[in-house]
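Here the structure comes first, spelled out in structure tokens, and everything after it is commentary.
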Amino acid sequence: MFRRIFGESKTKENEDTIRTINELQQSEQLMQKKIDKLNEQIDSVEDKARQCLKKANPDKHAAMEFLKRKKKYEIQRKKFYKIKENLESVNCQVQSSQLNRQITQSLHLGNKHLKQFEKTISFDKTEALIDEINETIDNLNETSDILARPIAERNDFIVSDVDLENELNQLNRQIVEDSLVKIDALPSAPSQPVATTVEQQIKQLQRLIAE
């Protein structure tokens, strides 16, 4: 009777462990979907910021607003990455715990059979086997202690206006550089003085587009 009850208990534990692992994996997949969605939104708002700067009269204010939205998405994405990492870490611990339990059960079973054969082998050999079993258990406990260490805390990313201004300027420079490459690829035209400032380069680009 006791063996039957003990066996049912182990079976339920295994089922609970498998269900926990599956739920953790589903949560990991959900986080990955959210991350993929945020990646699409980040690309979208960055493209809109570029379009604002490419207008005949560049809308710097609107571009800044799109970049602020981009930073918010990046903060959310960073949090989802950390959540996904934590889920993966917990899932690893659960699977390792299940493996440790199976190994321990096997060791107990092996120890039971060793005791059955204890009368047929010498005491020294039996003691050596028990020492090896104890050493294995100690190593497993050390592994479990390492896996049980707390996960480090995170600090939220803080965005400043200076960071946004720098990114806006960098984005503007990239647009100008891309535009100049397109101008160089056009058919030869009458030679003109090279623009010396970013504003002059933008005006030159706008005149070519308007023609």
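Here, each number is a calculation from the coordinates, and none is a lab measurement. Since we're looking at a predicted model, the values are computed, not measured. Please note: Cβ atoms are built from the backbone with ideal geometry, for glycine as well, and neighbour counts cover all protein chains shown.
Going through the cross-link list K12/K79; K60/K84; K34/K68; K12/K112; K55/K82; K12/K34, which pairs have a Cα-Cα distance over 31 Å in this structure? Write down the numbers at each step before the final one.
On the way: K12/K79 35 Å; K60/K84 36 Å; K34/K68 19 Å; K12/K112 23 Å; K55/K82 38 Å; K12/K34 33 Å.
Violating the 31 Å limit, Cα to Cα: K12/K79; K60/K84; K55/K82; K12/K34.
Order these peptides, 77-84, 15-22, 32-39, by their mean beta-carbon neighbour count within 10 angstrom, highest first.
Numbers: 77-84: 17.0, 15-22: 12.8, 32-39: 14.5.
By packing density, highest mean first, the sequence is 77-84, 32-39, 15-22.
Could you compute the FRET efficiency for Q116 and N139, with r as their C-beta to C-beta distance and R0 at 22 Å, rounded to 0.05? Before the final figure, lay out each step's value.
Numbers: r = 25 Å, r/R0 = 1.16.
That gives a FRET efficiency of 0.30.
Can you give the relative contact order of region 2-156 as a percent, counting alpha carbon pairs under 8 Å and 6+ residues apart?
Numbers: 77 pairs, mean separation 40.0, N = 155.
Once divided by the residue count of region 2-156, the mean separation gives 26 percent.
Give the cross-link partners of K115 among the lysines, using a straight C-alpha distance below 17 Å as the criterion and excluding same-chain residues fewer than 8 apart.
List returned: K125.
Can you tell me how region 2-156 classifies by the Cα gyration tensor, rounded, prolate or oblate, using a/c under 1.5 as the rounded cut? Walk me through the numbers before you get to the answer.
Working: a/c = 6.20, a/b = 3.48, b/c = 1.78.
Prolate is the answer for region 2-156, as a/c is 1.5 or above and a/b outweighs b/c.
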